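Below is one structure; the comments refer to it alone.
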Amino acid sequence: MSATQPVAESLYAAHQKVYAREVSGRFARLRTLSVLVLLGLFYGLPWLRWNGRQAVLFDLPARKFFIFGLTLFPQDFYLLTWLLIMAALSLFFFTALAGRLWCGYACPQTVWTEVFVWLERLTEGNRSQQIKLDKAPWSMRKISRKAAKQFLWVGFALFTGMTFVGFFSPIEGLAGKIAGGALSFWEGFWVIFYATATYGNAGFLREQVCKYMCPYARFQSAMFDRNTLIISYDGARGEPRGSRGRGVDARSTGLGDCVDCTLCVQACPTGIDIRKGLQYECIACAACIDACDSVMDKVGYPRGLVRYATQAEMEGLPKHLVRPRVVVYASILGVLLSGFVYAVTHRMPFDLDVLRDRNTLYRELDDGRIENVFTVRIINKDQRAHDFRLTAANLANAVVDSDSPTQHVNAEDVKTVVVRVRIPPGQERGGHSFTLAAQPVDQPKLIVTSRARFFAEP
């Protein structure tokens, strides 16, 4: 390369670690409460017992999903779709109302990152101590602190992976297998997989997930309007910023209320400066509000230089939190939630699947009767066993025959039985649609049906 040839600049800046300052305040307490509640549910639910079994268990091999007293089968997957629709609308509703509340308080990335940051502070100290430690040359002190942090991170990540798998494989047995070194290949694979994902996202990548990987950061602005509550810096009150002595009247010096302490920047987990306006990297955790409020208290200025506010409010206009889009989202959510509760509480405790025998379309018996064979699956979603009687409707003189007059199905179980449906000779031939019904003997009013088709030689 020629000595005079310019060196091309890189289009990518090297990542700089964000050392977020620990702050205290009302939003920090709210965020801590959210972390404790959500992680308490995640780590505690698999260990709860309900009627002699794990309270929450998604048993994929058995195709059963236990949620306390509710047992769901693949036929109930429409409820999952219903839940996903409500979750999406909830995201739209809360975003239109108050920005990225989900990101700041309930997103798994935020929740687990909070724990990893806390473990880092436990082993390496506060923000200034961490910066000093990272700049210091390697020594036994530095190695021991870094090793302690990694030990806690890896241990917590493995516990997280085990807990996640514990929602799909009974966690008591899973813990016993881990203690005895008897994990199956797939159980071990998924424990390591989710442990690695937790460690990588919450410990290593952190804010980079929110800034570069999360799609929500890119389209959130489409759900904002001038009356959405966002974290805002009051430039009219704060500028021009500058340092001053305690008790000095800022207006007499020509300065605004911002003392340019940069604590709001130091407290931000994504490393942005909120004084430059709302940026897509902001996750609405409100750490900058707590940091700024603490400074305002010290210098004797009113709080709220950085606060939750709408764009309209910042421009001196009245804010309207209740507006058409919020009302529409809330109304749709209310209807969907009411319908979901009704669907769950009035769900039929039984179901019936009918599958025609593909080997023989029909057969004619020695006495002239025509017989069709079906494979019937009786699904008992109830928490107690039932005996079912099978009958045929809309098919004249049809007789249903099986290995027993009634079929006993255990609680929360599925029974597959071969059923023969026969019609007497002389009846109209051809194809006939009919209904196969399963009726519990002890609850005759609860009849579950399935459509089928009977064939006979034309």
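The values are calculated or read from the model by the stated rules, or taken from the named source; none is laboratory data. As the structure is a computational prediction, the values presented were derived from the model and not from experiment. Heads up, the Cβs are rebuilt from the backbone with ideal geometry, glycines too, and the neighbour counts pull from every protein chain shown. Only protein heavy atoms, including side chains, enter the accessible area calculation; ligands, DNA and RNA are left aside. Shrake-Rupley method; radii C 1.70, N 1.55, O 1.52, S 1.80 Å.
Being free of Cβ contacts under 8 Å to residues at least 60 places away in the same chain and outside any helix (DSSP H, G or I) is the requirement here; does Trp138 meet it? When the stated conditions are applied, Trp138 passes them. Checking each residue in the range 419-458 for being at pLDDT 90 or above and of a type in the set (Gly, Ala, Ser) picks out Ser433, Ala437, Ala438, Ser450, Ala452. Considering only residues in the range 354-391 that are open to solvent by 30 Å² or more (accessible area, probe 1.4 Å) and under 16 Å from Thr449 (Cα atoms), the one that is modelled with the lowest pLDDT turns out to be Arg356.
Taken together, the residues in the range 271-327 that are in contact with a helix residue (DSSP H, G or I) (Cβ under 7 Å, 6 or more places away or on another chain), open to solvent by less than 20 Å² (accessible area, probe 1.4 Å) and assigned to a helix (DSSP H, G or I) amount to 9.
Scanning the range 49-77 for residues that are open to solvent by 30 Å² or more (accessible area, probe 1.4 Å), touching a residue at least 40 places away in the same chain (Cβ under 8 Å) and under 18 Å from the mean Cα position of the chain (by Cα) yields one hit, Phe58. Within the range 417-441, residues that are of a type in the set (D, E, K, R) have Cβ atoms under 6 Å from residues that are open to solvent by less than 40 Å² (accessible area, probe 1.4 Å) in these pairs: Arg420/Glu371; Arg420/Val373; Arg422/Glu371; Arg429/Ala456, counting only partners at least 6 apart in sequence or on another chain. Residues in the range 17-34 include at least one that is hydroxyl-bearing (Ser, Thr, Tyr), open to solvent by 40 Å² or more (accessible area, probe 1.4 Å), closer than 22 Å to Lys211 by Cβ and not in a helix (DSSP H, G or I).
Check whether at least one residue in the range 245-258 is surrounded by 15 or more Cβ atoms within 10 Å (Cβ to Cβ), in the same structural domain as Arg29 (by TED's automatic domain parsing) and in contact with a Ser or Thr (Cβ under 7 Å, 6 or more places away or on another chain), and report yes or no.
The answer is no; no qualifying residue exists.
With the structure loaded, tell me whether Leu263 is among the hydrophobic types (A, V, I, L, M, F, W, C), over 22 Å from Glu313 (Cβ atoms) and at pLDDT 95 or above or whether it fails that test.
On the way: among the hydrophobic types (A, V, I, L, M, F, W, C): yes; over 22 Å from Glu313 (Cβ atoms): yes; at pLDDT 95 or above: yes.
The answer is yes for Leu263.
Out of the residues in the range 118-146 meeting the condition of being aliphatic (A, V, I, L, M) and open to solvent by 30 Å² or more (accessible area, probe 1.4 Å), tell me which one is nearest to Tyr199 (Cα to Cα). Among those residues, the one meeting the criterion is Leu122. If you check Val335, Val354 for being more than 30 Å from Ala88 (Cα to Cα) and within 43 Å of the chain's Cα centre (by Cα), only one passes: Val354.
Based on what the data block shows, is Ser331 assigned to a helix (DSSP H, G or I), at pLDDT 95 or above and open to solvent by less than 50 Å² (accessible area, probe 1.4 Å)? Against the criterion (assigned to a helix (DSSP H, G or I), at pLDDT 95 or above and open to solvent by less than 50 Å² (accessible area, probe 1.4 Å)), Ser331 does not qualify. Restricting the range 193-228 to residues that are among the β-branched types (Val, Ile, Thr) and at pLDDT 95 or above leaves a set whose member that is surrounded by the fewest Cβ atoms within 10 Å (Cβ to Cβ) is Thr196. Going through (1) in contact with a Pro (Cβ under 8 Å, 6 or more places away or on another chain); (2) over 19 Å from Tyr105 (Cβ atoms); (3) basic (Lys, Arg) one by one, Arg218 falls short only on (1). Counting only residues that are within 27 Å of Leu72 (Cβ to Cβ) and touching an Asp or Glu at 6+ places or on another chain (Cβ under 8 Å), how many does the range 410-458 have? The qualifying residues number 10. Against the list (1) free of Cβ contacts under 8 Å to residues at least 24 places away in the same chain; (2) among the aliphatic types (A, V, I, L, M); (3) more than 24 Å from Gly161 (Cβ to Cβ), the condition Leu80 fails is (3).
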